[in-house]
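Inspection log for the structure reproduced underneath, given as C-alpha cells.
The numbers here are math on the coordinates, done by the rules we state, and not lab data. If you're wondering where the values come from, they're calculated on a predicted model, not measured in any experiment. No Cβ is skipped: glycine too gets one built from the backbone with ideal geometry, and neighbour counts run over all protein chains shown.
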Amino acid sequence: MKHFLKETDFVAHELPELFALAQSLKQDRGRKSNPALAGQTWAMIFSKSSTRTRVSFEVGIHELGGNQIFLNKNDIQLGRGETIADTARVLSRFVHGLVVRTFDHNEVQQLADVGTVPVINALTDLLHPCQSFADAFTMAERWAGGPDLVGSLRGRKIAFVGDRGCNVANSWILAANLFGMKISLAGPDGFDAAPEFDQLLESEGYTKGYEFTTDPFEAVHDADVVYTDVWISMGKEEESAERIKLMSPFSVTSKLMAAAKPDALFMHCLPAHAGQEVTQEVLDSPRSIIFDQAENRLHMQKAIMATLALAARA
C-alpha cells in the first residue's frame, strides 16, 4: 500500500509524472475529466483546525468524483477510548483513504502501518509534505520553460528564515534534497531540527542535506526563494512572548529580500502575521507568490490522491 507521510514516499523517478498530473488537473479544473475517486469515500481526521488544508482536500475529493467525511478529534475515539491500530482497522473497512492532520507524527505512521487504505499526512508536528510539494510545484510553474517541471528545480536555492525546527522547515529540508535543490536555514540558537528529524534525514541517506546559520543575511545570499512561517505554531501559544523576542531579528523585510537574488521569490505557507515573521511590504510585493502557493495545495493534493488511489487498485 502506497502512502504519503513524508516527501520521500515518492521517489525521484515518480515526480515528473506527479507534477505533470497536478498541472493537468489545474488546467482542466471544473471539467471533472479525472474521476479518480469515483465511488470512493475518504475520511479526513483533523486534530488541528485549518483553512487551506481542510478546504483544499474537501474540494479536491469532490472534484475527483469522491465523497468525504470530516472527523475532528471529538468525533472519534482516536487514541482515547480506542487504540490507533484498532481505529485504522475499523476505518479501513469503511473508507478508501485517510487524510490526517494531527500533532504526533507517530499517529499517521501507525494508521498507515496497520490500515489497508492509503494514508496522507496533511500535517504533523514533524512534517508537512503536502505543503512542500505544492510549494515546489508553484516554483516549477515559474521556472520551467517547458514540460520538465521537476528539472527546473535542480540547483535552485531556498532559504528558510525563522523557526528552523518547525514542520515546514523539516519538510523543506527533505524536499530540497529530493528535488536536487540547496537549502539554507537561519534562526536563533536552540531552534535546530528535532533529533528525530535528523535521524529520519539520515535514514533517507541525506546526512549533509542542509546548512544552518544564525545570520539570516548569510542564509538568503544567492537564494532563489526566501521562505518563512509563523513563529508561534499551534499548540505553542504559551511561548509567544519569548518566541517573538528571539525571532525578531529573523523577520523577512525588504532589506533581507534585497540580499537574495534580484528575482528571488517570497513564499509563506500562511496564515501570515504581518509585523512578525514578515513585513506587510514584503507580503504585498510583486515577489510574493503566497496565494499561488495556497491555490496549488488543491491541485497537488488532487494529484497525490489520484496517484495513491490508482496504486491501491493495482
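Tabulated data for the structure shown
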quantity: In sequence order, calculated HN-Hα J values of region 8-17 (Karplus, 6.51, -1.76, 1.60; Hz; x Gly/Pro); calculated: 7, 6, 9, 8, 4, 6, 8, 5, x, 5
quantity: At 0.692 mPa s and 37 °C, Stokes D of the chain from Kirkwood alpha-carbon radius, µm² per second; calculated: 166 µm²/s
quantity: For region 1-150, convex hull of alpha carbons as volume per residue, Å³; calculated: 112 Å³
quantity: Value of relative contact order over the chain, rounded to a whole percent, pairs C-alpha under 8 Å and six or more apart; calculated: 20 percent
quantity: Theoretical ellipticity at 222 nm over the chain - DSSP helices of four or more residues, -39500 (n - 2.57) apiece, nearest 500; calculated: -12500 deg cm²/dmol
quantity: Karplus-derived 3J(HN,Hα), 6.51/-1.76/1.60, for each residue of region 28-38, Hz, glycine and proline x; calculated: 9, 4, x, 8, 6, 7, 10, x, 4, 10, 4
quantity: Amide hydrogen neighbours beyond the local backbone of Lys182, cut-off 5 Å, H modeled; calculated: Gly155, Arg156, Lys157, Ile158
quantity: Neighbour-count order for Ser24, Ser171, fewest beta carbons within 10 angstrom listed first; calculated: Ser24, Ser171
quantity: Residue-span extension gain [Asp104 to Asp86] - 0.36 nm each, minus C-alpha spacing; calculated: 4.8 nm
quantity: Within-12-Å neighbourhood charge of Leu149 [Cβ basis; K, R +1; D, E -1]; calculated: 0
quantity: Ascending count of other beta-carbon atoms within 10 Å, so fewest first, for Trp143, Trp172, Trp231; calculated: Trp143, Trp231, Trp172
quantity: Spacing of the two label points (7 Å from each Cα toward its C-beta) at Glu239 and Thr213, in nm; calculated: 2.4 nm
quantity: Region 263-277 - phi-based ³J(HN,Hα) in whole Hz, Karplus 6.51/-1.76/1.60, Gly and Pro as x; calculated: 9, 5, 8, 10, 9, 8, 7, 6, x, 9, 10, 4, x, 10, 6
quantity: Cut-off under 5 Å, modelled amide H: who pairs with Thr41 long-range; calculated: Asn67, His96
quantity: Local electrostatic count at Pro129 - Lys and Arg +1, Asp and Glu -1, tallied over other residues with Cβ under 11 Å; calculated: -2
quantity: Gain on full stretching of the segment that runs from Val11 to Ser285 - 0.36 nm per residue minus C-alpha separation; calculated: 95.1 nm
quantity: Nonlocal amide H pairs with Val278, under 5 Å, H built at 1.01 Å; calculated: Val252, His273
quantity: Mean projected area in nm² (Cα convex hull; one quarter of hull surface) for region 130-289; calculated: 9.1 nm²
quantity: Of Lys32/Lys157; Lys48/Lys157; Lys6/Lys182; Lys73/Lys245; Lys6/Lys48, those spanning more than 27 Å from alpha-carbon to alpha-carbon; calculated: Lys32/Lys157; Lys48/Lys157; Lys73/Lys245
quantity: Burial ordering of Phe217, Phe191, fewest other beta-carbon atoms within 10 Å first; calculated: Phe217, Phe191
quantity: Centre separation in Å (Cα based) which lies between region 47-82 and region 177-208; calculated: 29 Å
